[in-house]
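The values are calculated or read from the model by the stated rules, or taken from the named source; none is laboratory data. Keep in mind it's a predicted model, so treat the numbers as computed, not measured. Note: ideal-geometry Cβ built from the backbone for every residue, glycine included; neighbour counts use all protein chains shown.
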Amino acid sequence: MKEKENQRSLHHNQKNLVNVTMKLFAKSTAYVILLLLSYTLGYLSSTTSYSYTPPQPLTDDGPAIVPANQLDNFRVTTRCADSLPSQLVRQTIVDRIFNATSPYANFPPPHVSQLLRTKRVKGWGSYGGVFERLIKKVRPRVVVEVGTFLGASALHMANLTRQLGLETQILCVDDFRGWPGFRDKFKDIHMINGDVLLYYQFMQNVIYFNATDTVLPLPYSSGSALMKLCEWGVVGDLIEIDAGHDFNSAWADINRAWRILRPGGVIFGHDYFTAADNRGVRRAVNLFAKINGLQVQTDGQHWVIDSTVNV
Ligand SMILES: C[S@@+](CC[C@H](N)C(=O)[O-])C[C@H]1O[C@@H](n2cnc3c(N)ncnc32)[C@H](O)[C@@H]1O
Ligand SMILES: *[C@@H]1O[C@H](CO)[C@@H](O)[C@H](O)[C@H]1NC(C)=O
Ligand SMILES: *[C@@H]1O[C@H](CO)[C@@H](O)[C@H](O)[C@H]1NC(C)=O
Ligand SMILES: *[C@@H]1O[C@H](CO)[C@@H](O)[C@H](O)[C@H]1NC(C)=O
């Protein structure tokens with residue numbers, strides 16, 4: 001009797017098991033079919049809307065080719081503020097960065113006055129004809145220079161704008177650190193507790209050349225300074241890029257600077273032909289121009305992109 005009952009219950013259990021398995025099977029078959037279906041549909045739709053383009057190597061000479069479906073990576077969604085009238089630019093920067101006091105006031109501070117030279121300027125290609133040609137062409141009211149060092153190119157531009165009777169502000173973006181070890185070649189630039197006095201010597205040079213009304217430093221990294229200018233609506237009619245010469249630095253500086261270029265303005269930079277970082281500047285400039293449909297011109301050692309000229 002007990003045995004029979006056991007058997008029956010066993011039989012019952014087996015039946016249950018079969019039932020459950022059947023249901024499970026039906027369910028999982030549905031899953032498999034659904035999966036196959038969605039995969040096929042996805043595959044079909046994806047092959048119709050994208051065509052695969054193999055990545056192209058970046059070459060030294062030709063502009064790079066970027067597959068259209070990879071351009072999304074370069075998208076920036078923040079917007080710059082409406083552009084400030086150029087006559088408000090200087091005061092805006094003095095207010096926002098220098099607590100409303102000219103950085104040249106009470107210069108030099110006592111702890112550096114003995115350590116500065118009356119004038120100490122050294123640049124690279126800072127007197128090239130490109131400066132005069134572009135300043136005559138653009139007649140800029142605001143120039144943004146990214147990479148200033150001791151001020152050679154900035155003071156040259158101040159001379160040129162003054163000669164043309166333009167009332168130009170030249171904003172000098174530089175962290176005024178140079179680069180680690182730059183004092184191997186500039187031993188006369190002093191250092192206090194590891195703080196190089198590049199900023200103070202630059203200020204001294206601006207004062208020496210009577211250019212304090214024209215030239216204003218923005219002593220910060222190019223990334224943070226350019227982002228703030230965008231946020232404050234400061235735009236440049238002419239922008240010069242001459243800071244880091246590796247691809248990543250040049251790429252970031254050009255892209256950030258482009259956002260604060262006044263429509264119709266010109267952006268240009270040094271060392272298009274330099275071997276630094278396997279022609280990092282050139283690769284960055286070419287890639288940028290390619291993506292934005294712009295034309296790269298060269299002038300001496302400089303590259304020039306005129307925002308009014310499209311390819
Ligand atoms: C080649 S020098 C500029 C020379 C200057 N345009 C001239 O012709 O006289 C490069 C300058 O870029 C600055 N620099 C490099 N990377 C920077 C960064 N990320 N932010 C701010 N300044 C930077 C250095 O401090 C250095 O003074
Ligand atoms: C900014 O300027 C105001 C007014 O001149 C002054 O009271 C204040 O101490 C200054 N702040 C700093 C951080 O220098
Ligand atoms: C600016 O021009 C003056 C006179 O033309 C010249 O003496 C001076 O060296 C120039 N300064 C720079 C920084 O080019
Ligand atoms: C700066 O201005 C002073 C006073 O007007 C003048 O004596 C000096 O020659 C000027 N310096 C330069 C480099 O132009």
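Test Leu115 against the stated conditions and say whether it is farther than 19 Å from Cys230 by Cβ, assigned by TED's automatic domain parsing to the domain that holds Leu198 and not acidic (Asp, Glu).
The answer is yes for Leu115.
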Inset, instruction - Provide a single number: the residues in segment 172-214 that are closer than 19 Å to Thr161 by Cβ, buried (at least 22 other Cβ atoms within 10 Å of the Cβ) and within 16 Å of ligand 4 (Cβ to nearest atom). - result: 4
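If you take the residues of segment 126-165 that are of a type in the set (Val, Ile, Thr), within 14 Å of ligand 1 (Cβ to nearest atom) and crowded, with 23+ Cβ neighbours inside 10 Å, which of them is farthest from Ser221 (Cα to Cα)? So that I can check it myself, show each step before the final result.
Keep residues of segment 126-165 that are of a type in the set (Val, Ile, Thr), which gives 130, 135, 138, 142-144, 146, 148, 161.
Then drop every residue that is not within 14 Å of ligand 1 (Cβ to nearest atom), which leaves 130, 143-144, 146, 148.
Still in the list and also crowded, with 23+ Cβ neighbours inside 10 Å: 143-144, 146, 148.
Details: Val143: 17, Val144: 14, Val146: 9, Thr148: 12 Å.
Per the stated criteria, the residue is Val143.
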Inset, instruction - Name, by its number, the condition in (1) under 23 Å from Asp306 (Cα atoms); (2) within 16 Å of ligand 3 (Cβ to nearest atom); (3) of a type outside the set (Lys, Arg) that does not hold for Gln163. - result: (1)
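Is it the case that Asn278 is in contact (Cβ under 8 Å) with a residue 24 or more places away in the chain, assigned by TED's automatic domain parsing to the domain that holds Phe149 and part of a helix (DSSP H, G or I)? Show your work before the answer.
Working: in contact (Cβ under 8 Å) with a residue 24 or more places away in the chain: yes; assigned by TED's automatic domain parsing to the domain that holds Phe149: yes; part of a helix (DSSP H, G or I): no.
Against the criterion (in contact (Cβ under 8 Å) with a residue 24 or more places away in the chain, assigned by TED's automatic domain parsing to the domain that holds Phe149 and part of a helix (DSSP H, G or I)), Asn278 does not qualify.
Given Leu166, Leu155, Leu198, which one is closer than 20 Å to Gly265 by Cα and assigned by TED's automatic domain parsing to the domain that holds Val234? Talk me through it step by step, then tell me what you get.
Numbers: Leu155 fails: closer than 20 Å to Gly265 by Cα; Leu198 fails: closer than 20 Å to Gly265 by Cα.
Only one candidate qualifies: Leu166.
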